[in-house]
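Only one structure is covered here, and it is reproduced in the block below.
Throughout, read-outs are computed from the coordinates displayed, never taken from laboratory work. The shown structure was predicted, so the numbers you read here are calculated from the model rather than taken from an experiment.
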Amino acid sequence: MDHLLTFIILVAFFLFYWVYYTHQRKRVPSTHWEELPTQAQYLAAHPDAVDGKIVFCCHCGHHKQLEVGLVHLADFRREWACAKCKRVLFRAKDD
Ligand SMILES: [Zn+2]
């Protein structure tokens, strides 16, 4: 009976650390990216920065943006930066 109790305690600790560890591994440290507004939030904050489908930079008024990956080219976390002043305007996510 003592062995069974020890086994149950060990399994419980193993499960706890396994869940804890995998949860930490899943969390991608992307707080900078998560702080950026989405396109909808950007347009809501700058209603004058859109004309039909054309989105303008709120800093310099340029009408073209560059879509870049956060860490590398194929990153699913995308940043839209102004092509002229290179400031990041909003974020997007590849589905
Ligand atoms: Zn700009």
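Shape analysis of the chain based on the Cα gyration tensor places the equivalent ellipsoid semi-axes at 48, 13, 9 Å, largest first. Note: relative contact order over the chain, using C-alpha pairs below 8 Å and six or more positions apart, is 21 percent.
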